[in-house]
Amino acid sequence: MTTTATGATATSTAVVSFDRVSKVYGDVRAVDGLTLDLHPGETVALLGPNGAGKSSTLDLLLGLRTADSGTVSLFGTTPQEAIRAGRVGAMLQSGGLMEDVTVEELVLLACDLHPRPHPVGEVLARAGIASIAGRMVNKLSGGQEQRVRFALATAGANDLIVLDEPTTGMDVTARQAFWATMREQAEQGRTVLFATHYLEEADAIADRVLVLHKGRLLADGTAAEIKARAGARRISFELEGAIDRAALRALPFLASLDITGRRVRIQSHNADATVHALYGLGLYPRELEVAGLGLEQAFVAITEAEEAKKPC
C-alpha cells in the first residue's frame, strides 16, 4: 500500500490499469504496448505532441474503442462496467451539446441519468454557470460551453474524472477557478486525468506527468522529475560589444544556443563547465542566470531525443 502526492492511499486495485495495450489504425500504431496504473487521489497530466496517442489512450480508457491487444481495466473491471456504475465522468473535446435546451435543463438531464447524482444547483455552482442556467445552449461562448461540459462530467459522484483539453477557450479567471475545483476533487480522493497542451497547467496542477510519443510512454513522474530527466539546464546572460557566435557555439556541453540582441540563452548538459568555459573566453556575462529547464523545454528535449534515436 502506497500514498499519493495528495495524501490519498493507493490500494491494490488501481483506478486505471493499462497492461501492454496496443491499438493500430492501418499502418499507424496509435498506442504501442502501453502499461501504467493510476491510483486514488492522483491528479495526472497526459502530455504529448500531435499524433502521440493521447486521444486514442483516452478512447480506450473510456471504452469508446477496443484494444487490439492487452487489457484496459477501471477499478478492476471493464471500462463499460465502471461507466455504467457511475464511477467515471468525462469531459471530451469531440461531440456537440444539445442545443434546443437551457443550460439548467441539460445539466438536470445529466444528473437524472447518473446513478449517484449531485443536486443540480450544486453542479451548476461548482462549474461556475449558475448565472447562465436559463440561457439556451446554442447561445453560449466557447468558454461557457467548456464549463457546461465540465458540469456534465461532474453531475454525479464519480471516482475518476477524465478531461481532454478542459480549459480550451476559458479566460484566465475561469481557468483558475476550474483548477481550484479540480484540486478539491482530488483532495476528496478522486482521480483526475487530463490531457493538455498548456504545459504550464501540467507543471502547476499535476502530481504526476505522463509523456506519450507515438503511442509509447516515454516518461512518468512528477513535473520536477520530468524536468530533471531532460538533463539540461538553462543559462541566460547579456554580453557587451561584438558577439562571437562561433565561439559560443563551441562552448562545451552545449545543447542549444539562442541570441536575441544582447541576450544569450543557452541550454547545457553541464552548466558549471559551460559557464567556466565562458569566462575562459575572456567574456564577462552580465545578469547571469542558471536554472533548470521548464516543463515545456524538458518535454521538447525528451521527445527530440526519442526522434534522434531513429535510424537515418
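The values are calculated or read from the model by the stated rules, or taken from the named source; none is laboratory data. All of these numbers come straight from a predicted model, not from anything done at the bench. With ideal geometry, Cβ positions are generated from the backbone for all residues, glycine too; neighbour counts draw on all protein chains shown. For accessibility, only protein heavy atoms count, side chains too; no ligands or nucleic acids. Shrake-Rupley method; radii C 1.70, N 1.55, O 1.52, S 1.80 Å.
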Can you tell me the dipole magnitude for region 197-238 around its Cα centre, using point charges on the Cβ only (Lys, Arg +1; Asp, Glu -1), in Debye to the nearest 20?
300
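Under 10 Å from the Cβ of Gly292, count the other residues' Cβ atoms, weight Lys and Arg +1, Asp and Glu -1, and hand me the total.
Local charge sum for Gly292: +3.
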Under a GNM of the chain (C-alpha, springs under 10 Å), which listed residue has the highest mean-square fluctuation: Asp159, Asp27, Asp37?
Asp27
Could you do me a favour and compute the accessible area per residue for the chain, 1.4 Å probe, result in Å²?
49
Sort all Cα-Cα distances of region 72-221 into consecutive 5 angstrom bins from zero, then give the percent of pairs in each bin up to the one containing the longest distance.
2, 9, 18, 22, 21, 15, 9, 4, 1, 0
Ratio of Rg to Rh over region 1-149 (Cα coordinates, Kirkwood Rh, two decimals)
1.01
At R0 = 41 Å, FRET efficiency that the Cβ-Cβ distance of Gln93 and Glu238 yields, to 0.05:
0.45
Using only the alpha carbons of region 211-257, determine the length spanned along each of the three principal axes and report them from longest to shortest in whole angstroms.
47, 21, 15
Within the chain, what is the longest stretch that has no trypsin sites (Lys or Arg not before Pro) placed in a DSSP loop and near at most 14 other beta-carbon atoms within 10 Å?
1-261
Across every pair of different alpha-carbon atoms, what Kirkwood hydrodynamic radius in Å does the chain reach?
21.7
Portion, in percent, of the accessible area of region 158-312 that falls on carbon or sulfur, probe 1.4 Å:
51
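Please list the equivalent ellipsoid semi-axes of region 137-260, computed as the square roots of five times the alpha-carbon gyration tensor eigenvalues, in descending order and whole angstrom.
For region 137-260, the semi-axes come out at 39, 19, 13 Å.
Can you list the chymotrypsin sites (Phe, Trp or Tyr not before Pro) in region 93-191 that are in a DSSP coil and have 16 or fewer other beta carbons within 10 angstrom?
Listed in order of number, the matching sites amount to none.
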Between Ala246 and Ser141, the FRET efficiency computed from the C-beta separation at R0 = 51 Å comes out, to the nearest 0.05, as 0.45
Per residue, what volume in Å³ does the convex hull of the Cα atoms of region 81-166 enclose?
87
Which one of Glu42, Glu145, Glu238 has the biggest mean-square fluctuation once the chain is modelled by GNM with Cα springs under 10 Å?
Glu238
